[in-house]
Each structure stands twice: as structure tokens, then as C-alpha cells.
Amino acid sequence: MTSGRLLVIAIVLVTAVFAGAQWWFQTRAYYQPIDRADLFVALVDGGTDLLPDTGFAGIDADTSPLRFRGCFTVEDPAALVARAVPYPDATPLIAPDWFDCFDAPAIGAALEAGEAQAILSQPEVRPGADRVIAVFPDGRAYAWHQWNGSLED
């Protein structure tokens, strides 16, 4: 085998190992499952309420303020949406494929079609990020962190 072939094989192997490590760090390494999150709701009157929820499943990581995702149900979704602060331009972020209860494209499509409503859970839950909740009429709800633009100045 010539030295050129060995060099090409080495480059391909290093690239494959690096790509595999990059994928693992982005989708698996830092995420931790969480079984509870204190979810608050920003109210139109300026106050906040602790959101009673059931069946919460979530993930989070300390490495980024945007890695939080949560899936849960709420009791009275119409009343919740009526008293909560609406969140314009809500854009759910893609979750790792192994966290299968959170389907960002489907949630985003439902928000655009008016089949779900986005509300503000907590402003500045982490610096530069708001916690947003999408609420469906049947009580399904999904939470994530979204950049609010406050750090761009």
C-alpha cells in the first residue's frame, strides 16, 4: 500500500471518528432527563402562577440555555390561554430524536395553523432566553426555551 493511500485512509478514519463524536456530544452527552420542572405562567395582569401540570417529561442541560424541553398536560387549557400572556413568534426548537414526546415541526405547524396557542411561561428564565409553552385545546402542552433578543444589543 502506498503512503498516499495510507494518508487517505487515516484522514477518512479521523473524519469519521470526529463526526461520530460531534453527533454524540450534540445529541446525547449533555442532556439529562428531568421528571419535574416548576412551570410558571406569566399572566396578563402582571402576576405569575405556578402551572399545575400532570405527566411531565423533560430534558435539560447546563451547557446551553436553549436545551430545555418539556411535555405535559394541563387541566383547563382554554382558561389558561385566556389569562396568560401570549407569546408572538414562538418557534419550538428541535429536540434530540430519542426524546420523542417533543415534535418541534408538528408543534410549530400547529402554532402557525392556530391549532395551538403559545404563551409566556417565564421571561429571562436564563439570560437571553424566555420559557415558552404551547398549549393545545385537548390539554397537551409543550415547553421550551427561546432566544428573546435581549443579549443582541
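The values are calculated or read from the model by the stated rules, or taken from the named source; none is laboratory data. None of the values given here were measured: they were computed from a predicted structure. Here the Cβ positions follow ideal geometry from the backbone for every residue, glycine too, while neighbour counts run over all protein chains shown. Areas reflect the complete protein model, heavy atoms only, side chains present, ligands, DNA and RNA absent. Shrake-Rupley method; radii C 1.70, N 1.55, O 1.52, S 1.80 Å.
Points worth noting:
- Among the protein heavy atoms of region 15-146, carbon and sulfur supply 57% of the accessible surface, probe 1.4 Å, non-protein parts ignored.
- 5 angstrom amide H check on TYR87, placed H, neighbours 5+ away: ALA118, ILE119, LEU120
- Distance between the modelled labels on GLU115 and THR63, one decimal in nanometres: 3.3 nm (7 Å Cα→Cβ projection).
- Folded to 0 to 90 degrees: helix 3-24 orientation relative to the chain principal axis, Cα: 20
- Sorted from greatest to least, the principal axis extents spanned by the alpha carbons of the chain come out as 74, 36, 30 Å.
- Ranked by how many other beta carbons lie within 10 Å on average, peptides 1-9, 63-71 from highest: 63-71, 1-9
- A 1.4 Å probe run over the chain, with the rest of the protein chains in place, finds 58 Å² accessible per residue.
- Counting only alpha carbon atoms, the long axis of helix 104-113 and the longest principal axis of the chain meet at about 40°.
- Sites ALA82 and TYR30, calculated FRET efficiency, Cβ-Cβ separation with R0 35 Å, nearest 0.05: 0.40
- Sorted from greatest to least, the principal axis extents spanned by the alpha carbons of region 91-141 come out as 29, 25, 18 Å.
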